[in-house]
Amino acid sequence: MLSDYIAKDKKSTRDGFGAGLLEVGQKNDKVVGLCADLIGSLKMNAFMDAFPERFFQMGIAEANMMGVAAGLATSGQIPYTGTFANFSTGRVFDQIRQSIAYSHKNVKICASHAGVTLGEDGATHQIMEDVGMMKMLPGMAVINPCDYNQTKAATIAIAEYDGPVYLRFGRPGWPVFMPEGEFSIGKAVHMNEGKDVSIIATGHLMWYAVEAANVLESEGISVDLINIHTIKPLDATAILASAARTGCVVTAEEHQILGGLGGSVAQLLAANNPCPIEFVGMDDSFGESGKPDQLLAKYNMDTATILAKARAVMAKK
Amino acid sequence: MSSIKDLELVACQVRRDIIRQVHYASSGHPGGSLGCADLFTALYFKVMEHDTSFQMDGKGEDMFFLSNGHISPVFYSVLARSGYFPVEELATFRKLDSRLQGHPATHEGLPGVRIASGSLGQGLSVACGVAQAKKLNKDEKSIFCLMGDGELQEGQIWEAVMYAAHNKLDNLIGIVDWNGRQIDGDNDDVLSLGDLKGKWKTFGWTVTEVDGNNMEALVTALLDAKSNTGNGVPQVILMRTEMGHPIDFMVGSHKWHGVAPNVEQTENALAQLEETMGDYPYPA
């Protein structure tokens, strides 16, 4: 139920990754960490200190990092690569495509500082196209958890998944509202059952979706709220069931609308249950410097926009 | 153990296989494949300790990585001739539903191939990862990685070169097919490699040079490199080869980098290569 999801604290999703990496390193001695000169930013210090022989400093050489990870995976290790999302995808797309995805290597590409919530560093670093690039690769799982707890649990869970994974998380302190230790790859979390409108969100915007759902419910509008941490493989069953309950859908993500979660949901619905849909995300634009909340507001990826789109989509039914 | 003469006979058949694969597929890369036939034969029939029952992780084995994947015909021939898969399968090269893709891939499960290659510059990084894993797993066997000379124009190679030296990957033996040619012409005309020996040295590698079309010299250089592992320094062998060797109408030019010989050219080339192990059949 919606009332179960209350922000208790603010912690970054990258801190969740760091904590998860340490824990999965303790559980599984095949896990190795690689980082391209961003150990502090990726919160990989704890893993590095605990397992120095299983940690590899790669320097500012991301292409090589992806290849080395593929080699380590060939030999049976489970490599977790760490750098910013921009340098985890766009910079090394061909290396990932050939040496990891096509070669089906068990590499976990762990990408921090995704989206505009990276903030002041500006658009050079604010990648908003990474999910699109990664979800197009055959066999690549794409996971974008929404808070500290979900990111930590995802980091631990992906070690048990045989195949390449893109794990996307972010920089800022963010509300922690999900329960600890729960994560099932490819299985959406049905956070609230409703009949008037479906809100399907991923990543940081999941919290804004919770806020929007609370406002709508207070007005007597019944919201079906779906937490999609795994964008690929997409939980088609959960999404189609939600759309069947409500007859209209809003998607929300900190990513380009073109190529993100919204596109995947729209394709699924178009083929199976066409219904009105609205998209919250970056509308074919680059970001800029600013505070995370300022940027999310300016580029229409905030609670107010989710509310507006929810009202608009219901009117189309 | 195979004598030099035995190895030369194998290499001769491998060269026939290369010509016949590329001709039958009407596409492929004969030039670099022919130039490297001696190297592949030396590695798989003499130098490497490897298991043709094939385990992906290569635990306890010497391992080879092909970075310049376009010379797949020589790789496939040697894998088949050394027992990884039936030689008859060479007839499927570049055909629909084949495990022998235009460029090597793991996707179809061809035994002997551990990474896809073709997009250049990536193999040495993968070999570094395997070398790192062997150290982690206390496996003292060696890793060989072949690169093209033109491929060294890719920046990623030099990331890997720096990484291997910094991390003392002394179980790693790089090999450069230094034939001086690439698709558009000579290296020196396209983008000069400069002082190649000096470059590898300055990056912290031990460098040797060898005539890659002299089996005896090649085997000696590879065995020397293997015995020099464990010294804290990665090694590279700059291997001088002749693209198209020894086919008289192919040598001396970059033109046979990626062109298939026609019927007449194929007959001419095969007439210059003794059938030493029996040709595989073309399907009826």
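The values are calculated or read from the model by the stated rules, or taken from the named source; none is laboratory data. Everything numeric here is computed off the predicted structure, so don't read it as measured data. Every residue, glycine among them, receives a Cβ derived from its backbone with ideal geometry; neighbour counts consider all protein chains shown.
Among the candidates A:Lys317, A:Lys298, the residue that is modelled with pLDDT under 95 and either surrounded by fewer than 16 Cβ atoms within 10 Å (Cβ to Cβ) or closer than 17 Å to A:Ala241 by Cα (or both) is uniquely A:Lys317.
Being of a type in the set (Val, Ile, Thr), farther than 29 Å from B:Gly155 by Cβ and without any contact (Cβ under 8 Å) to a residue 40 or more places away in the chain holds for only one residue in B:Thr52, B:Thr92, B:Thr41, and it is B:Thr92. Whether any residue in region B:132-144 is basic (Lys, Arg), over 21 Å from B:Glu159 (Cα atoms) and more than 8 Å from chain A (Cβ to nearest Cβ) is what I want to check. Yes: one or more hits.
Within region A:76-117, the set of residues being closer than 19 Å to A:Gly203 by Cβ and either aliphatic (A, V, I, L, M) or in a helix (DSSP H, G or I) (or both) comprises A:Ala85, A:Asn86, A:Phe87, A:Ser88, A:Gly90, A:Ile109, A:Ala111, A:Ala114, A:Val116, A:Thr117. Might you check whether a residue that is touching a residue at least 40 places away in the same chain (Cβ under 8 Å), in contact with a Pro (Cβ under 8 Å, 6 or more places away or on another chain) and within 28 Å of A:Ala101 (Cα to Cα) occurs anywhere in region A:233-252? No, because not a single residue in region A:233-252 is touching a residue at least 40 places away in the same chain (Cβ under 8 Å), in contact with a Pro (Cβ under 8 Å, 6 or more places away or on another chain) and within 28 Å of A:Ala101 (Cα to Cα). Answer yes or no as to whether B:Gln156 is within 14 Å of another protein chain (Cβ to nearest Cβ), out of contact with any strand residue (DSSP E or B) (no Cβ under 7 Å at 6 or more places or on another chain), polar (S, T, N, Q) and more than 26 Å from B:Val78 (Cα to Cα). The answer is yes for B:Gln156. Given the criteria within 14 Å of chain B (Cβ to nearest Cβ) and within 23 Å of the chain's Cα centre (by Cα), does A:Val24 qualify? Considered against the rule, which asks whether it is within 14 Å of chain B (Cβ to nearest Cβ) and within 23 Å of the chain's Cα centre (by Cα), A:Val24 comes out as no.
Out of A:Gly281, A:Gly290, one residue alone is in contact with a strand residue (DSSP E or B) (Cβ under 8 Å, 6 or more places away or on another chain), at pLDDT 95 or above, among the small types (Gly, Ala, Ser) and not in a helix (DSSP H, G or I). It is A:Gly281.
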